[in-house]
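Scroll down for the structure; my scribbles are underneath it.
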Amino acid sequence: MGMSTLLPPKHQTPGRQVGQEGQSLDGAVTRPKDAESPHWGAHTPPWWTPAGSQGKTEEPKTETTMESPLFLISNDDGIDSPGIALLERVAGRFGDVITVAPHAQMSAASHSITLHAPLRLVDHGEGRFALEGGTPVDCVYVGLNHLCKRRPAWVLSGVNKGLNVSDDTYYSGTVAAAREAVLQGIPGAAFSMASGDGWDIHSIEDELATLVGEMIRHDFPERQLLNVNFPSPALGPLQGFQATTLGQRRFVDEIHVRTDPRGRDYLWIGGDDAWMGDVPGSDCNAIREGWVSVSVLRLDATVESDALNTWTILKRPDPRAAALP
């Protein structure tokens, strides 16, 4: 299943910066007046079609759509990363692919989005685009709202060089790209692999294909995303797949103070991986034991807690109101 058939001819000239609907990048995007929805208002993605009064999305009922799911692919390692090439190849076994990735390395960009600087979209041909100045979240936003002509089945992010387990999920641009997809109403999944000696991204191709094949056979809950981590090949053959929770991983907190050629100090932050705690059932434990970790993360980060029970300034619901008919 190819990638080049998804976009009109104007999108298929390598190295050319492109806009939508024949406009320049600085022009406004126009959409039909009847394409408005309660969720997006006047800025409706091209693939959205009205589906009742609840503002739900619906994929156009065309033969191509029914036979070939569309995957939007991104990452935080950049358009030339070997990990994204592997993800494109695997996703291409199951459907059509559009890739929008940062022009350069954007690791640890978290969920940042660019609001005060221009972004330039560069066409690399065959449905592959680099976003100059863009974060992983920018890439997914542009892909869904500017390039995709039909609703993607999944947004896939990665494969990242290095784990994204435990608290890494808050810093990771790889995970953020998948999270942005979920915020936009599309299922999202992030894929990462332990780096270090013996790192060989091609060694996980069959397992990655098994995962993607399983993903497209099942519906996935709204406001949740997948976070998948592969262990290092140095640990030996993979044991299989394991459903996990977030574990505990710590880095050495370091700030390196250095001096530039003009005598001014500058800071370089970040230390090496220190340890992963022993938390049964966690992603860290699974990785250490040679399993592929598959975690489900959710957007709603609130919890039921007694932490505010003694706060006197908070308004509390009247328990008598619940007893009224």
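Miscellaneous remarks
- If you go through segment 268-300 and keep only what is in a helix (DSSP H, G or I) and hydrophobic (A, V, I, L, M, F, W, C), you end up with Cys284, Ala286, Ile287.
- Candidate set from segment 162-214 (those that are hydroxyl-bearing (Ser, Thr, Tyr) and either assigned to a helix (DSSP H, G or I) or free of Cβ contacts under 8 Å to residues at least 24 places away in the same chain (or both)); member that is nearest to Gly271 (Cα to Cα): Tyr171
Conditions (1) at negative phi; (2) in contact with a strand residue (DSSP E or B) (Cβ under 9 Å, 6 or more places away or on another chain); (3) not polar (S, T, N, Q), marked per residue:
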{"site": "Arg179", "(1), (2), (3)": "yes, yes, yes"}
{"site": "Gln184", "(1), (2), (3)": "yes, yes, no"}
{"site": "Trp199", "(1), (2), (3)": "yes, yes, yes"}
{"site": "His218", "(1), (2), (3)": "yes, no, yes"}
{"site": "Leu225", "(1), (2), (3)": "yes, yes, yes"}
{"site": "Ser232", "(1), (2), (3)": "yes, yes, no"}
{"site": "Val252", "(1), (2), (3)": "yes, yes, yes"}
{"site": "Arg258", "(1), (2), (3)": "yes, yes, yes"}
{"site": "Arg262", "(1), (2), (3)": "yes, no, yes"}
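- The one condition in (1) in contact (Cβ under 8 Å) with a residue 24 or more places away in the chain; (2) surrounded by fewer than 21 Cβ atoms within 10 Å (Cβ to Cβ) that Leu115 fails to fulfil: (1)
- Members of segment 241-264 that are more than 16 Å from Ser166 (Cβ to Cβ) and more than 23 Å from the chain's Cα centre (by Cα): Glu254, Ile255, His256, Val257, Arg258, Thr259, Asp260, Pro261, Arg262, Gly263, Arg264
- Any hit, segment 274-284, residues being surrounded by 11 or more Cβ atoms within 10 Å (Cβ to Cβ), more than 30 Å from Asn145 (Cα to Cα) and out of contact with any strand residue (DSSP E or B) (no Cβ under 8 Å at 6 or more places or on another chain): yes
- Test: residue in segment 195-210 that is within 12 Å of the chain's Cα centre (by Cα) and not β-branched (Val, Ile, Thr): no
- The set of residues in segment 67-84 that are surrounded by fewer than 23 Cβ atoms within 10 Å (Cβ to Cβ) and part of a loop (DSSP other than H, G, I, E, B) comprises Ser68, Pro69, Gly78, Ile79, Asp80, Ser81.
- Count of segment 266-315 residues which are more than 30 Å from Leu238 (Cβ to Cβ) and modelled with pLDDT of 95 or more: 0
- Which numbered condition Thr135 misses (of (1) within 9 Å of the chain's Cα centre (by Cα); (2) buried (at least 24 other Cβ atoms within 10 Å of the Cβ); (3) not acidic (Asp, Glu)): (1)
- Cβ-Cβ under 6 Å pairs, at least 6 apart or on other chains, segment 241-257 side within 13 Å of Trp291 (Cβ to Cβ), far side of a type in the set (D, E, K, R): Thr244/Asp283; Gly247/Asp283
- Matching residues, segment 240-260, being exposed (fewer than 15 other Cβ atoms within 10 Å of the Cβ) and aromatic (Phe, Trp, Tyr): Phe251
- Being farther than 25 Å from Ala189 by Cα, out of contact with any Phe, Trp or Tyr (no Cβ under 6 Å at 6 or more places or on another chain) and either surrounded by 10 or more Cβ atoms within 10 Å (Cβ to Cβ) or in contact (Cβ under 8 Å) with a residue 40 or more places away in the chain (or both) holds for only one residue in Gly270, Gly263, and it is Gly270.
- When residues of segment 220-239 are limited to those that are modelled with pLDDT of 95 or more and surrounded by fewer than 17 Cβ atoms within 10 Å (Cβ to Cβ), the one nearest to Ala85 (Cα to Cα): Gln224
- Against the list (1) aliphatic (A, V, I, L, M); (2) in contact with an Asp or Glu (Cβ under 9 Å, 6 or more places away or on another chain); (3) under 26 Å from Ser232 (Cβ atoms), the condition Leu121 fails is (3).
- In segment 132-161, the residues that are closer than 13 Å to Ile73 by Cα and assigned to a strand (DSSP E or B): Trp154, Val155, Leu156, Ser157, Gly158, Val159, Asn160
The values are calculated or read from the model by the stated rules, or taken from the named source; none is laboratory data. Here the structure is a predicted model, which is why all the values come from computation and not from measurement. Don't worry about glycine lacking a Cβ; one is built from the backbone with ideal geometry, like all the others, and counts go over all protein chains shown.
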